[in-house]
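S.K.: This is the structure I want to talk about, given as structure tokens.
Nothing in this text is a laboratory measurement; each read-out follows from the coordinates by a stated rule. Remember, it's a predicted structure, so these values are computed and weren't measured experimentally. Every residue, glycine as well, gets a Cβ built from its backbone with ideal geometry; the counts of neighbours run over all protein chains shown.
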């Protein structure tokens, strides 16, 4: 098989964006920078074709994601021309996020491309010395290896010296080149961005627990002192964050049940709660009859609409949980033939019917929401998703669904 005269770029996104953040914002946190991915990909392509004097075959973008679920940036990247996204796992250990499997995937791709003589030149944007064997194997198959670095904040190398020594060519992407697509976020002199305040979410996080949940908590061993954010409400009751142990979970109920005790013998106070933009509300054992006939979005969506939805999700939906809830509700309302369903739904506030709510949360999961974070599902995402859903329903019906405290 003859060698093909074209170039391929393999990008370790963790290195590229982390080093860019260090250079522009003083620390390697990607949350400190804003990236124009279209401009970045175009810049990589133009620079690769200029340096190698070969046309580009493809850019491989290697990155980590929680549970390997594509994040909004990955969804946009993978539909760009000549871009292939490969995801490894993103795990949290000792308070820090770490990529797993990204280096191995880059090594495998590099050696396979070289073995198959898919290109004459490979550009590596990485700093990890674990790719040294792959680099050496590519060279043995007659591929020229170009190693690119991001300008180091301290003026020193931010790459493995072994990689630098083994590369055929080395280039540095300097500050001028980086800032064409990446910029540091402006935080008005503070070290972290101020959170965006939404009354709906703030009300949830400050709402007092229901009396029944507090009674259930009294039957269990004493818990640690309240969270520092807890305070005293206007009625004199203690306010806690919804994540407090006073709200029984299915696991708590199992503990209350005890060996040999049947479900019917649960204490009356041990009631499951429903989290919504109204706070914690009773979850009845049965839904009203009209909820069973409530159509799902899938039932209301044609094949053409499904394709258009996918394109919109990739290109315009940013992945903010509140926005995701609004988008889902907008599609559901616009495709309803019988508008009486909308009025019935509005009357069920704040509880979303099971079949609609399950579909809503599955839709949100496509954006990496509700992922396990520190071994627990992020309940705040649920609040925001449902709050966005009800906000859009309120706009369509003219009924303002006010959260607790208003």
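S.K.: Working out 0.36 nm times the residue gap between residue 334 and residue 82, then minus their Cα-Cα distance, what length gain in nm do you get to one decimal? Please list the in-between numbers first.
M.R.: Working: separation 252, 0.36 × 252 = 90.72 nm, distance 3.54 nm.
Going from the current span to full extension adds 87.2 nm.
S.K.: If the chain between residue 34 and residue 308 were fully stretched, how many nm would it gain, using 0.36 nm times the residue separation less the Cα-Cα distance? Mind dumping the intermediate values first?
M.R.: Numbers: separation 274, 0.36 × 274 = 98.64 nm, distance 2.72 nm.
Working it through step by step, the gained length comes to 95.9 nm.
S.K.: Using the Cα gyration tensor of the range 7-184, with a ≥ b ≥ c the square roots of its eigenvalues, what is the shape: rounded (a/c below 1.5), prolate (a/b larger than b/c) or oblate (neither)? Write out the running numbers ahead of the final one.
M.R.: Working: a/c = 1.34, a/b = 1.27, b/c = 1.06.
Rounded shape, in that the Cα axes give a/c under 1.5.
S.K.: Cut-off 18 Å, label point 7 angstrom out along Cα-to-Cβ of residue 176: give me the residues of the range 41-84 whose amide nitrogen falls inside.
M.R.: 43-44, 46-48, 50-51
S.K.: What is the distance, in nm, between label points placed 7 Å from the Cα along the Cα-to-Cβ direction at residue 315 and at residue 89?
M.R.: 3.6
S.K.: To continue, here is another question. Starting with the fewest neighbours, write out 73, 169 ranked by other beta-carbon atoms found within 10 Å of each beta-carbon.
M.R.: Fewest to most other Cβ atoms nearby, the residues stand as 169, 73.
S.K.: Set the Förster radius R0 to 22 Å, insert the Cβ-Cβ distance between residue 395 and residue 365 as r into 1/(1 + (r/R0)^6), and round the FRET efficiency to 0.05.
M.R.: 0.35
S.K.: Using the number of other C-beta atoms within 10 angstrom as an exposure proxy, rank 330, 310, 32 with the fewest first.
M.R.: The fewest-first ordering by Cβ neighbours comes to 310, 330, 32.
S.K.: Shifting gears a bit: Residues of the range 59-73 with the amide nitrogen closer than 20 Å to a label point 7 Å from the Cα of residue 301, along Cα-to-Cβ, please.
M.R.: Answer for this model: 69-73.
S.K.: Residue 117 label point, 7 Å along Cα→Cβ, cut-off 20 Å on backbone N: hits in the range 56-70?
M.R.: 56-58
S.K.: Separate question: Roughly how many whole Å is it from the C-alpha centroid of the range 53-109 to that of the range 326-361?
M.R.: When both Cα centres are located, 35 Å separates them.
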